[in-house]
Amino acid sequence: MRICAMPRERLVKELSAILIFQDLTPRELRRFSRICEIREYDAGEVLVEQDTVGSDLIVLLTGSLDIRLRGRDGSDLTVNTIQKGDVLGEASIFTKLPRTASAVAKLGCLVAFVSREKLFAFCDKNAKAGLKIFTFVIYSLLKRLGATTRDLVAERESLVTREDLEALRASFPKSLEDMLEG
């Protein structure tokens with residue numbers, strides 16, 4: 001990872017193309033760009049480690065990231081790939097809980113990191129822009145919660161229950177003779 005300098009106007013242009021910032025005015029974007037720390041990652045570098053505590057909003061400016069979960073056996077499983085313009089770490093700006101997944105650069109990428117403290121200070125000074133950003137963040141978190149709920153329901157529905165097994169046993173023939181007669 002390397003901290004990079006990016007010309008302000010290029011950063012503003014990159015940010016303006018990202019969904020979370022599309023409703024910000026050019027002036028608000030210029031102000032927001034001042035609180036971003038630009039970092040460059042090579043393929044395979046870890047941006048965020050599962051189970052660590054972080055407090056940054058992370059905006060992918062270029063490249064792509066694999067989102068990985070550590071399985072029970074300790075191996076990592078890629079569960080998603082996020083692309084340029086995606087945002088992660090939304091929950092970490094509100095809470096000091098461990099991260100639920102790791103983010104690893106799939107390709108080389110440029111990323112804007114915004115600390116919780118800088119984001120909140122920006123929102124204090126730029127209330128309208130802050131409202132726009134937090135509206136997106138809340139919507140994003142609610143969408144993820146809904147998707148997770150749907151995944152849990154599908155997983156639960158796919159599990160075989162004790163009642164399922166009892167019903168299956170009840171339908172089994174009692175003996176080989178019963179099976180041949182049936």
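Only one of the numbered conditions (1) loosely packed, with under 13 Cβ neighbours inside 10 Å; (2) assigned to a loop (DSSP other than H, G, I, E, B); (3) among the hydrophobic types (A, V, I, L, M, F, W, C) is violated by I35, and that is (1).
Scanning for something closer than 9 Å to V104 by Cα and part of a loop (DSSP other than H, G, I, E, B), does region 66-86 turn up at least one residue?
Here is the first cut: in region 66-86, the ones closer than 9 Å to V104 by Cα are 66-68.
Of the ones still in play, those that are also part of a loop (DSSP other than H, G, I, E, B) are none.
Scanning region 66-86, I find no residue that is closer than 9 Å to V104 by Cα and part of a loop (DSSP other than H, G, I, E, B), so the answer is no.
S33 meets all of the listed conditions (1) closer than 12 Å to A103 by Cα; (2) small (G, A, S); (3) over 19 Å from the mean Cα position of the chain (by Cα) but one, namely (1).
Taking region 55-107 as the search range and keeping residues that are of a type in the set (S, T, N, Q) and more than 22 Å from F134 (Cα to Cα), which one is surrounded by the most Cβ atoms within 10 Å (Cβ to Cβ)?
Applying the first criterion (of a type in the set (S, T, N, Q)) to region 55-107 yields 55, 62, 64, 75, 78, 80-81, 83, 92, 95, 100, 102.
Filter once more, so that each one left must be more than 22 Å from F134 (Cα to Cα): 62, 64, 75, 78, 80-81, 102.
Values: T62: 14, S64: 16, S75: 9, T78: 13, N80: 13, T81: 11, S102: 20.
In this case the residue turns out to be S102.
Of the candidates L110, L119, the single residue that is in contact with a strand residue (DSSP E or B) (Cβ under 8 Å, 6 or more places away or on another chain), touching a residue at least 40 places away in the same chain (Cβ under 8 Å), part of a helix (DSSP H, G or I) and surrounded by 13 or more Cβ atoms within 10 Å (Cβ to Cβ) is L119. Against the criterion of being acidic (D, E), at positive phi and in contact (Cβ under 8 Å) with a residue 24 or more places away in the chain, D76 does not qualify.
Read the figures in this text as sums done on the coordinates, not as results from a lab. As the structure is a prediction and not an experimental result, all values here were calculated from the model. Cβ: placed from backbone, ideal geometry, glycine included. Neighbour counts: every protein chain shown.
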